[in-house]
Amino acid sequence: MDDQALLRYSRQIMLDQVDIDGQERLLAGHALVVGAGGLGSPVALYLAAAGLGRLTLADADEVELSNLQRQIAHATADLGRNKAESAREAALALNPGCTIQAITEHLDGAALARAVAEADVVLDCTDRFSSRYAINAACRTARVPLVSGAAIRFSGQLAVFDARDPDSPCYACLYPPGGGESGEGDEALSCAESGVVAPLVGLIGSFQALEAIKLVSGAGTPHRGLSTFDGLGGQWRHFRVPRDPACPVCGPA
């Protein structure tokens, strides 16, 4: 790091849990952020600001007027632009020292597998269960940690799934495919259908960014289990999530 970088990241470097070594690991790290909307916006901005050296932002959607209530990486002038490109520009404005790639097509199949395998951590900022299951399976195969967030109405949740830990569950352990209310049949449960309060996605996205920074820098202990937040009551709850021995994704082959 040169003097400018030392000054830019000084407030993190002074933390004993990060220090110079942790900041160097961040600068050498690579995060894949799938989804550049409500959750992906604060994730991209905070990871860039914190000095995560390489970001890949993936989103095939375009910025719409209804997005601007909560998707803080985009501005009115970005209407009609691809979200990954718009978020890339916003993150680079914060920290031009980052290397940021925008993927403007839907990531799936072999392309998703390649993108996951190249990353040190993956952040699922999508709002469809089909995408979440695909990202989870790719992360299990590549043994890359997955930070999963979700937000709807006044409720949010976060979980970290780390395939490098033999005791860690995966997303399919928490929400088995075809499992009813929280399974594949619930694609319609989206912000467009149900609404979401603006700061909630910022809160959950910031939580995701924090966990990614911890995983890459080596600071602290990664989150375990499932944390949920009730925005109306202002209450957090934490649940243990055991690994499902019958899980179709991470169970015995």
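The values are calculated or read from the model by the stated rules, or taken from the named source; none is laboratory data. Only a predicted model underlies this, so the values are computations on that prediction, with no experimental measurement involved. Please note: Cβ atoms are built from the backbone with ideal geometry, for glycine as well, and neighbour counts cover all protein chains shown. In case anyone asks, the SASA skips ligands and DNA or RNA and just uses the protein heavy atoms, side chains included. Shrake-Rupley method; radii C 1.70, N 1.55, O 1.52, S 1.80 Å.
Quick notes
- Candidate values (1) 62, 27, 23; (2) 45, 19, 16; (3) 26, 23, 18, label of the one derived for semi-axes √(5λ) of the Cα gyration tensor in Å: (3)
- Here the Gaussian network model covers the chain, with springs between Cα atoms less than 10 Å apart; of ALA77, ALA87, ALA212, ALA77 fluctuates the most.
- Accessible area per residue, Å², segment 3-239 with all protein chains present, probe 1.4 Å: 45 Å²
- Projected label distance in nm at ALA198 and GLN101, using a 7 Å step from Cα toward the beta-carbon: 3.4 nm
- Accessible area ranking (1.4 Å probe, heavy atoms, ligands and nucleic acids excluded), largest first, for ARG88, ARG8, ARG224, ARG140: ARG224, ARG8, ARG88, ARG140.
- Kyte-Doolittle mean at least 1.0, axial Cα span of 18 Å or more - DSSP H helices of the chain: 198-217
- Expressed as a whole percent, the accessible surface of segment 3-239 that belongs to carbon and sulfur atoms is 51, based on a 1.4 Å probe.
- The order of GLU24, GLU211 by accessible area, most exposed first and with a 1.4 Å probe, is GLU24, GLU211.
- With the whole protein complex present, ASP167 retains an accessible surface near 120 Å², based on a 1.4 Å probe.
- Per-residue accessible area (protein heavy atoms, 1.4 Å probe) orders SER148, SER206 as SER206, SER148, starting from the largest.
- The radius of gyration of the Cα set in segment 1-113, together with its Dmax, comes out at 15.0, 44 angstrom.
- Estimated distance in nm for a label pair at GLN17 and ALA110, the labels positioned 7 Å out from Cα along Cα-to-Cβ: 4.2 nm
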